[in-house]
Amino acid sequence: MRFANQKQMVLVWDLPVRVFHWLLVVSFAGAWLTSESEAQQMLHYAFGYSACALVLFRMVWGLAGTRYARFTQFVKGPKSTLQHIKSLLTGKDHIGPGHNPAGAIAMILLMVFILLIGITGYWSVKDFLGDLMSEAHELMANLTIVVIAIHVLAAIIMSLMQKENLIRSMVTGKKQGTSDQAIRYPMYLIGIFLGLGWVCFFYLIFNGDIGILTR
C-alpha cells in the first residue's frame, strides 16, 4: 500500500507541454541551421514562424493548462525568486515537482526572445528600417542561444542536485513526487492536435501558402 506522502514517479508534465518543448527545440535548431542559406530560405521561415506559433500556444496553455503548466505555479515575484536562488546556493531549497522560480526566468526570456526573433524577421522580410531589422534579428537569435545554453546547463546541474534526470522527465512527463502532486489528465488529445497543427502550419509556410509572412 502506498501512502500519499511516499515518493514515487508521478505524472507532472502533460503531453501538450512536452510536445511544445521538443517541437520548440526542433523549430529553433532548424531555423538556426538554415539561417545562412538562401536555398533553404523557405525552410528557415517555416521553422522560425512555427517556433513563434508554439510560443503563442504556450502562452494560452500557461493560463488554461494543467497544474504545472500554468504560469501561476512557477512564475513568482522578484523577492520569492531571489529567496529561491539563495536557498539553492545554501542547499536548503525545497523543490516541488514543477518548474522553479529560477527556471521561470529562463523560460519567459526564451519565449519573449523567440517572439522578438519572429517580429524582427518579419520586418526584415518586409524591408522595414533596412539593415537595422536584420541586425536586430541576428542579435536576438544570438541572445537566445546564450539563454538556451544557460537553460541546458542549469537542467544538468539541477539533475545532479536532485538526483533526477530532468531531461528524461520532459520526455516521459514523470518526476519524483507524492501521489497528491500528480496531475490527473495527460491531455493526450490536445498534445496530438498541437503536433499535427505544427506540421500543417510548417507545411503552409514552407509551401508559400501564407505569402504575407514570407514575401
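What follows is calculated from the coordinates using simple rules that are stated; it is not laboratory data. Worth saying up front: this structure is predicted, and the values here are computed from it rather than measured. A quick note on method: Cβ atoms are made from the backbone with ideal geometry, for glycine too, and the neighbour counts reach across all protein chains shown.
Working from the pairwise distances between different alpha carbons, so that the mean of 1/r is found and then inverted, what is the chain's Kirkwood radius in Å?
Result for the chain, one decimal place: 18.7 Å.
What is the packing order of peptides 109-119, 71-81, taking the mean over residues of other C-beta atoms within 10 Å and listing the highest first?
In descending order of packing, they fall as 109-119, 71-81.
Using +1 on the beta carbon of Lys and Arg, -1 on that of Asp and Glu, and nothing else charged, what's the dipole of the chain about the Cα centre, debye to 20?
About 1320 debye.
Please give the length that would be gained between Cys200 and Val152 if that part of the chain were fully extended, namely 0.36 nm times their separation in residues minus their C-alpha to C-alpha distance (nm, one decimal).
14.4 nm
Helix by helix, which DSSP H runs in the chain go 15 Å or more along their axis at the Cα atoms and have an average Kyte-Doolittle hydropathy of 0.5 or more?
Span-like helices here: 15-33, 41-64, 101-125, 131-162, 188-206.
Where the Cα atoms of the range 112-206 are projected onto their three principal axes, how long is each span, largest first, in whole Å?
56, 33, 19
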